[in-house]
Amino acid sequence: MPLDAYSLCPGGTGKKIKFCCPDFLPELQKIERMLEGDQNLACLKHIDGLLESNPDRPCLLATKALLLRITNQLEAASVNAKHFFEKHPENATALSEMAILAAVEGESAKAIDFWQQAMVVADGRIDGRVYEAMTVVAQAAFGNGDGMAARAIWQLQAAIHQEDSRPMEMLLSYHGAPNLPVLMKESPHLIPTPAEASWKPQMDEALAPMDKGCWRQAVDRLAALTDTVDWPPLWRNLATLRSWLADNEGCVAALRKYASLDVPLEDAVEAEALAMLCSEDPIGDGIDLFSLTWNLSETDELQAALTLEPLVVALPVDERSDEDEGPPPRAMYMLLDRATPKASEGLTVEQIPRYICQLRLFGRQTDREARLEAIGATENDVEQVKQLIGKVAQRAISSEPEQVAVMKTSGTEELLQRKWRLPEGTEPAQIAELSVAHERRVIFEQWPELPLSIFDGRSPRAVSGDESCRVRLLAAILILQSYMAADAEEIDFNELRQSLGLPTLDPLDPTVVDVNSVPLARLSRIEVEKLSDTDLLHAFRRAAAYGLRGSLRRFAVNLIDRPTLADTNEQRRALSILARDAENPDEGLKYAQRGREMAEKAGQSPASWLILELSLQFARGDSNEINRLLTQIQRDHMNEPGVAQALTELLVGLGVLRPDGMPAGAIPGAGMPGGPAIGPAPQAAQEPGRLWTPGSEQGGGGEKKLWTPD
């Protein structure tokens with residue numbers, strides 16, 4: 001709609017042009033025409049001319065701010081935004097520009113503060129510039145690790161502008177993130193004030209700014225009430241609102257205050273666990289990762305020695321050169337802590353070789369001597385790396401290594417990782433058994449003896465009898481459980497709690513508790529068999545939306561066996577999920593075949609299920625079944641919408657085809673038209689919670705390459 005005297009001033013004054021700058025209407029209309037014609041640079045020049053005689057006019061400064069950002073003149077945009085704010089500190093658009101500027105500079109807390117000031121000035125009238133600031137600020141908060149603040153802003157945006165799909169897309173992505181602890185996925189809500197409380201009017205007044213998105217005002221008012229209102233949930237609500245403002249320190253303080261009060265033990269533990277997760281080193285198990293660099297006097301001799309060393313495994317070298325890193329290494333290896341056994345029969349977890357670090361061998365360069373780099377060794381492995389390299393390199397080393405701490409990692413997660421080098425021919429079923437044995441060893445033997453700084457360097461077992469450490473120890477176990485959420489169903493953490501003399505977390509009876517309001521962290525404890533069909537479907541969808549793999553599997557297993565839910569979309573989705581997330585491909589095939597039979601019975605195309613079966617047969621390495629399924633799909637279903645694309649994507653993901661569609665090789669042991677046979681893929685380190693499949697680049701790292709029906 002063209003600008004007229006009754007349009008809102010584009011300068012963020014909140015007034016109509018008629019009551020703000022009626023004398024300037026012709027110029028504003030001219031600027032609007034230039035903007036509509038994408039005459040951005042010409043418009044900027046015109047505005048600069050107008051500013052010479054109107055240096056502080058909000059509409060000109062606001063439009064200039066927009067144009068400078070559109071034309072990527074960020075330094076000039078910064079100067080203009082600061083001038084705009086200096087002259088009009090109570091202007092919502094000026095405050096929004098300052099928020100955007102702070103967000104671009106990576107200062108998410110400062111950006112949120114400016115945006116909140118803009119929300120106060122806007123007083124519930126959210127114009128385009130304030131909304132734009134919300135989008136940029138949320139992105140900055142998420143990128144800066146303030147995910148709970150970003151999530152809250154996205155939810156507010158979704159409520160304000162339902163036609164904008166981006167906030168909801170970001171929320172779905174955030175909630176479904178597989179590595180995000182479940183406690184940080186919980187949808188933000190405030191505990192309601194008891195209706196009979198004498199101080200309810202004061203609480204309602206304190207929270208009134210929430211209706212207009214003015215969280216900072218609500219936080220200040222709630223904080224003031226903590227001196228007079230004795231109600232523990234007040235501190236929990238204060239922590240929630242502070243997390244929305246990226247006030248990490250204030251959030252943690254309020255959570256710990258809440259946990260110290262007379263509240264249910266489980267509520268206190270979850271609050272303490274969330275406080276821990278808000279720190280860089282949640283349970284105080286941080287350890288350094290190092291790089292070590294040796295200068296070399298003899299490169300060829302060392303390369304020959306590394307090739308013959310049983311503790312060293314050659315890796316492919318990416319020949320592409322990086323301008324910052326320089327030329328690629330001459331050779332790359334992974335260093336093991338012991339030699340790889342010749343066979344897997346009778347193999348125990350203790351006997352599996354463990355990947356310690358990566359080795360990179362560089363020849364002499366113009367400005368650097370020849371060198372050997374060891375990358376990613378933990379502080380616990382550094383001495384072993386030095387000894388192994390000293391033994392292998394001998395005369396080739398011309399100096400003591402330069403040792404540099406490059407980053408920190410979690411000692412617990414390091415223990416859980418399966419950095420394995422397995423013998424050729426190790427079956428997936430055996431890997432699954434070894435994985436469970438490994439996890440049990442870590443959880444029940446190694447972790448309880450791990451020194452943690454949250455206990456002043458004492459181990460969980462050492463503090464197990466200390467009542468003052470009980471809440472924090474239970475919280476640490478909750479975090480430990482989140483580190484391996486994908487495999488949590490294989491481990492009974494109550495067994496760990498009992499071994500440390502701690503109370504257990506018992507099943508929740510859905511006839512007693514409200515399933516729809518059970519916190520996400522407790523959803524896995526619901527007694528599934530007692531759920532009504534309606535509650536089961538709700539719990540299943542909730543677990544799927546939040547990426548709660550353990551809970552999702554439990555609900556899915558029950559859902560597919562309920563006659564009352566037979567042949568429903570949810571049952572088909574449950575079968576797909578169970579096939580994709582099965583512990584081994586044989587189990588996955590049972591679910592996929594059941595889904596295919598369901599489709600055929602209903603007279604529907606089974607193509608999607610056949611492609612899923614194909615991906616599982618690749619995991620099994622069954623060349624006969626791979627060829628049979630490929631033939632059936634190509635013969636009977638290739639003309640169906642989406643089938644050719646889905647099949648191609650699967651084969652590219654498995655490395656059978658190149659991205660350009662040309663054969664990269666063929667199925668192991670099978671004949672693929674147009675390409676030679678390829679052998680089994682090299683094995684690599686095993687990572688926690690993943691299934692090793694032939695053809696995967698990382699033996700279980702990353703996502704499984706299984707295609708699943710929609």
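Which loop GluC sites (Glu not before Pro) in segment 340-447, with loop taken from DSSP, have no more than 13 other Cβ atoms within 10 angstrom of their Cβ?
Here the sparse-neighbourhood loop sites are 345, 424.
What a 1.4 Å probe finds exposed on the chain is 50% carbon and sulfur by accessible area, rounded to a whole percent. Considering only 199, 343, 647, the residue lying farthest towards the positive end of the dipole of the chain is 647, judged by Cα position with unit charges set on Cβ.
Given the rule -39500 (n - 2.57) for each run of at least 4 DSSP H residues, summed and divided by the residues of the chain, what is its mean residue ellipticity at 222 nm, to the nearest 500 deg cm²/dmol? Display every interim value, and only then the final one.
Details: 29 runs with 343 residues, N = 710.
After summing the helix terms and dividing by residue count, I get -15000 deg cm²/dmol.
What number comes out for accessible area per residue over segment 591-660 if the probe is 1.4 Å? Units Å², please. Intermediate results must be reported in sequence, preceding the final value.
Values: 3340 Å² over 70 residues.
For segment 591-660, the solvent-accessible area averages 48 Å² per residue.
You can think of it this way: the chain between residue 541 and residue 5 has 187.9 nm of extra reach, that is 0.36 nm per residue less the Cα-Cα gap. In the assembled protein chains, residue 500 presents an accessible area of approximately 10 Å² (probe radius 1.4 Å).
What number comes out for accessible area per residue over segment 443-498 if the probe is 1.4 Å? Units Å², please. Per-residue accessible area for segment 443-498 comes out at 43 Å².
To the nearest 20 debye, what charge dipole does the chain have about its Cα centre, counting +1 at the Cβ of each Lys and Arg and -1 at the Cβ of each Asp and Glu? Don't jump to the answer; show the numbers that get you there.
Numbers: 71 positive and 106 negative charges, 175 e Å.
Dipole magnitude for the chain comes out near 840 debye.
Taking the Cα centre of segment 575-633 as origin and assigning +1 to Lys and Arg Cβ atoms and -1 to Asp and Glu Cβ atoms, the resulting dipole is close to 180 debye.
Of interest is the spacing of the C-alpha centroids, which for segment 421-499 and segment 521-593 amounts to 26 Å.
Return the inverse of the average 1/r over all pairs of distinct C-alpha atoms in segment 284-422, which is the Kirkwood hydrodynamic radius, in Å to one decimal. List each step's numbers first, then the result.
Details: mean 1/r = 0.0626 Å⁻¹.
Kirkwood hydrodynamic radius for segment 284-422: 16.0 Å.
Applying a threshold of 32 Å to the alpha-carbon distances of 64/408; 342/386; 87/257; 18/110 flags 64/408; 87/257; 18/110 as lying beyond it.
Convex hull of alpha carbon positions in segment 342-417: directionally averaged projected area 7.2 nm².
Take residue 211: with every protein chain present and a 1.4 Å probe, its accessible area is about 140 Å².
The lysines whose alpha-carbon is closer than 30 Å to the alpha-carbon of residue 601, local same-chain residues fewer than 8 away aside, are 530, 590, 704, 705. Name the residue farthest towards the positive end of the dipole of the chain from the options 409, 98, 131, assuming +1 on Cβ of Lys and Arg, -1 on Cβ of Asp and Glu, about the Cα centre. So the residue furthest toward the plus end is 131. Note on the chain: dipole from Cβ charges, positive end direction compared against 224, 372, 168; the farthest Cα belongs to 168. Accessible area ranking (1.4 Å probe, heavy atoms, ligands and nucleic acids excluded), largest first, for 272, 249: 249, 272.
Model label sites at residue 440 and residue 189, defined 7 Å from Cα along the beta-carbon direction, differ in position by 3.9 nm. Working from Cα pairs under 8 Å separated by at least six residues, relative contact order for segment 435-580 is 15 percent. Extending 7 Å from the Cα toward the beta-carbon at both residue 533 and residue 226 defines two label points whose distance is 4.9 nm. Taken along the Cα-to-beta-carbon direction at a fixed 7 Å, the label points for residue 54 and residue 494 span 7.3 nm.
Placing R0 at 51 angstrom, the Cβ-Cβ distance between residue 627 and residue 461 gives a FRET efficiency of 0.40 after rounding to 0.05. Accessible surface area normalised per residue over segment 205-279 is 40 Å², counting heavy atoms of protein chains with a 1.4 Å rolling probe.
Structural size metrics of segment 78-137, computed from C-alpha coordinates, are Rg and Dmax of 10.0, 28 Å.
By a 1.4 Å probe calculation restricted to protein chains, residue 154 has an accessible surface near 10 Å², given to the nearest 10. Rounded if a/c is under 1.5, else prolate if a/b is larger than b/c, else oblate: which is segment 580-622, with a ≥ b ≥ c the root eigenvalues of its Cα gyration tensor? Prolate shape, in that a/c is at least 1.5 and a/b is the bigger ratio.
With a Förster radius of 30 Å, plug the Cβ-Cβ distance of residue 169 and residue 249 into 1/(1 + (r/R0)^6) and report the FRET value to the nearest 0.05. Walk me through the intermediate numbers first.
Details: r = 31 Å, r/R0 = 1.02.
Plugging the Cβ-Cβ distance into 1/(1 + (r/R0)^6) gives 0.45.
Other residues with beta-carbon under 14 Å from the beta-carbon of residue 228 carry, at +1 per Lys or Arg and -1 per Asp or Glu, a net charge of -1.
Ratio of alpha-carbon Rg to the 2.2 N^0.38 Å globular estimate for the chain, to two decimals, please. Intermediate results must be reported in sequence, preceding the final value.
Numbers: Rg = 30.2 Å, N = 710, 2.2 N^0.38 = 26.7 Å.
That ratio works out to 1.13.
Within segment 37-110, list the GluC sites (Glu not before Pro) lying in a DSSP loop whose Cβ has at most 14 other Cβ atoms in a 10 Å radius. When the GluC sites (Glu not before Pro) of segment 37-110 are filtered for loop state and at most 14 Cβ neighbours within 10 Å, 90, 105 remain.
About the Cα centre of segment 425-467, what is the dipole size in debye to 20, counting +1 per Lys and Arg Cβ and -1 per Asp and Glu Cβ, all else neutral? Intermediate values should be presented prior to the final figure.
Details: 4 positive and 8 negative charges, 12 e Å.
Roughly 60 debye, rounded to the nearest 20.
Its alpha carbons considered, segment 388-446 gives a radius of gyration followed by a Dmax of 17.4, 47 Å.
The values are calculated or read from the model by the stated rules, or taken from the named source; none is laboratory data. Worth saying up front: this structure is predicted, and the values here are computed from it rather than measured. With ideal geometry, Cβ positions are generated from the backbone for all residues, glycine too; neighbour counts draw on all protein chains shown. All accessible areas refer to the heavy atoms of the entire protein, side chains included, with ligands and DNA or RNA removed. Shrake-Rupley method; radii C 1.70, N 1.55, O 1.52, S 1.80 Å.
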